[in-house]
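Asks: Dropping the structure in here first, questions after.
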Amino acid sequence: MNRLARIVESFSGKRIVVIGDAIADQFIYGEISRVSREAPVFILRHEHTETTPGGAGNCAANLAALGARVDLISTLGSDEPGKILYTKLREAGVGCDGVSVISERRTPTKVRVLAGQIHSTRQQVIRIDYDSEPDLSAELQEILSTDIARALTGADGVIISDYNYGVADPKITEVVRKAVEPGVPVLVDSRFRLSSFSDFTSATPNEDEVDQLLGIKHTDPLALESAAEELRQRFGYKALLVTRGGHGMTLIEAGNAPLHIDAVGSSQPLDVTGAGDTVIATYTLALASAASFADAARLANLAGGLVVMKRGTATVSAGELVSLITQVGSE
C-alpha cells in the first residue's frame, strides 16, 4: 500500500494528452409535485440544473484532479452547452488550446432528469441524448491532426477516448503513432470500435464490450480471461484491463497470469455515470508514472470505487485516493 501511495504522489506534474469526444453531461433535478391531468405522468417542479464535463472532458477533468497537467484535443459547438462545457473544463484546470469551437457543430449533450419526493433521493427517470454528427470536415480533421502532433511533444501519456462523435477517428492513430515518443503509454477507451485502435499499450473494455467484440457471451471468469487474452493478442495490446462493475476488474497482461482485483467500497454504487473515465485516467497516469500494469490496475480499481459513490459525473482527487489506500491498507 505504501508503494501505491508513492505512485500517486508522483502523479503531480505528469503531462497527459486526451484525444476524444467531449460531452456535456447535464443533470436536471426536480421535485415530484403531482400527476398531470393531460397524461398519466408526474409533473416535476424544477429545482436546479447542473452541467459537467463528460466523455473525454470527464477523463481530462479526472486527470487534472489527480494532479496531472492535461491537454485536451476535442471539438465543441458554439451552442450553450458548448460554452458551459468549455468554461467548466477551464475551471477544472484542463488545457483547452486544442479544443476547436465550431459554429456548425452541435455539442454532444446527455440530459438526465432526476426526480423524487420532497425529502427523498432524486433518481434518474429518463435520459435524452443530443448527438453531434460523427463526420468531421477535412479541414477540421487537419486542424485536429496538427493539434495532436503539437500536443504529443513531451507528453508522458496519451488517452484516446472514443464515444463515436468523430474526434477519436481511427484515422488519427497514424498521427499518434508518428508523434508520440518511444515508451510513452497510449491507452484506448472505445465504446464501439476497439478493433480500430490496435497495437497500443492498453485498453479498458468492460465485460459486455468483450462479448460484443468476439460475438460470444462468456459464462464464467475463466471464459472471460480466455476471451480477453484472445482480444489482447488480436489487437496487439500489451495488456487489457477489463472492468466488471461490482465484480471488480481483471487484468490480462502479456507474459503474466490473469490478475483479478476485487471491487472496493459499497456493493451498492450511488452513481456509475462516467466511472470508466475515472478508471482510464488513473490507470494511464499510473503507467505514465512508471507503475507496473498490476499496480496501475489496482489504483484504477480504487479510484473507480471512490467515484461511483459520488452523484453525477464526478472526479477523484489524489488526496482522496491516498486516503483510501491508507484505509484499505489498515483493514
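The values are calculated or read from the model by the stated rules, or taken from the named source; none is laboratory data. Nothing here was measured: the structure is a model prediction, and the numbers come from that model. Note that each Cβ is placed from the backbone with ideal geometry, even for glycine, and that neighbours are counted across all protein chains shown. Please note that ligands, DNA and RNA were not included when accessible areas were found on the heavy atoms of the full protein model with its side chains. Shrake-Rupley method; radii C 1.70, N 1.55, O 1.52, S 1.80 Å.
Asks: Please specify each residue of region 303-323 satisfying the condition of being in contact (Cβ under 8 Å) with a residue 60 or more places away in the chain and over 15 Å from LEU270 (Cα atoms).
Replies: If the condition is that a residue be in contact (Cβ under 8 Å) with a residue 60 or more places away in the chain and over 15 Å from LEU270 (Cα atoms), then SER317, ALA318, LEU321, VAL322 are the ones that fit.
Asks: For ALA151, indicate whether it is part of a helix (DSSP H, G or I), surrounded by 19 or more Cβ atoms within 10 Å (Cβ to Cβ) and at negative phi.
Replies: Judged against the criteria, ALA151 is a match.
Asks: Give ASP131, ASP71 a once-over and let me know the one that is crowded, with 17+ Cβ neighbours inside 10 Å and acidic (Asp, Glu).
Replies: ASP71
Asks: Which residue is surrounded by the most Cβ atoms within 10 Å (Cβ to Cβ), if the candidates are limited to region 291-323 and must be touching a helix residue (DSSP H, G or I) at 6+ places or on another chain (Cβ under 8 Å) and not in a helix (DSSP H, G or I)?
Replies: THR313
To keep it simple, each residue is scored yes or no on (1) at pLDDT 95 or above; (2) acidic (Asp, Glu).
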site	(1), (2)
PRO185	yes, no
VAL188	yes, no
SER196	no, no
ASP208	no, yes
SER226	no, no
GLU253	yes, yes
PRO258	yes, no
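Asks: Name, by its number, the condition in (1) within 30 Å of ARG177 (Cα to Cα); (2) at pLDDT 95 or above that does not hold for GLU139.
Replies: Only one criterion is unmet by GLU139, namely (2).
Asks: Just one of (1) in contact (Cβ under 8 Å) with a residue 40 or more places away in the chain; (2) open to solvent by 70 Å² or more (accessible area, probe 1.4 Å); (3) closer than 15 Å to SER137 by Cβ trips up VAL101, so point out which.
Replies: (1)
Asks: While we're here: Is there a residue being among the small types (Gly, Ala, Ser) and open to solvent by 40 Å² or more (accessible area, probe 1.4 Å) anywhere in region 74-89?
Replies: yes
Asks: Let me ask something else. Which one of these is in a loop (DSSP other than H, G, I, E, B) and in contact (Cβ under 8 Å) with a residue 60 or more places away in the chain: THR278, THR326, THR282, THR273?
Replies: Only one candidate qualifies: THR273.
Asks: Looking at ILE16, ILE7, ILE23 in this structure, which one is at pLDDT 95 or above, of a type in the set (A, V, I, L, M, F, W, C), out of contact with any strand residue (DSSP E or B) (no Cβ under 9 Å at 6 or more places or on another chain) and not in a loop (DSSP other than H, G, I, E, B)?
Replies: ILE7
Asks: A further question on this structure: Going residue by residue through region 251-263, is there one that turns out to be without any contact (Cβ under 8 Å) to a residue 40 or more places away in the chain and of a type in the set (Asp, Glu)?
Replies: Yes, region 251-263 contains a residue that is without any contact (Cβ under 8 Å) to a residue 40 or more places away in the chain and of a type in the set (Asp, Glu).
Asks: From the list GLY82, GLY54, which residue is in contact with a strand residue (DSSP E or B) (Cβ under 7 Å, 6 or more places away or on another chain) and part of a strand (DSSP E or B)?
Replies: Answer to the check: GLY54.
Asks: Something else now. Checking THR204 against (1) in contact with a strand residue (DSSP E or B) (Cβ under 8 Å, 6 or more places away or on another chain); (2) surrounded by fewer than 20 Cβ atoms within 10 Å (Cβ to Cβ), only one condition comes out false. Which one?
Replies: (2)
Asks: Would you point out the residue of region 101-117, among those that are assigned to a loop (DSSP other than H, G, I, E, B) and polar (S, T, N, Q), that is farthest from the chain's Cα centre (by Cα)?
Replies: GLN117
Asks: Scan region 153-176 for residues that are of a type outside the set (Asp, Glu) and out of contact with any strand residue (DSSP E or B) (no Cβ under 7 Å at 6 or more places or on another chain) and report the count.
Replies: 8
Asks: Let me ask something else. Would you pick out the residues in region 134-148 that are open to solvent by 60 Å² or more (accessible area, probe 1.4 Å) and either assigned to a loop (DSSP other than H, G, I, E, B) or basic (Lys, Arg) (or both)?
Replies: ASP135, SER137
Asks: A further question follows. Taking the stated definitions as given, is ILE43 of a type in the set (Val, Ile, Thr), touching a residue at least 12 places away in the same chain (Cβ under 8 Å) and open to solvent by 10 Å² or more (accessible area, probe 1.4 Å)?
Replies: No.
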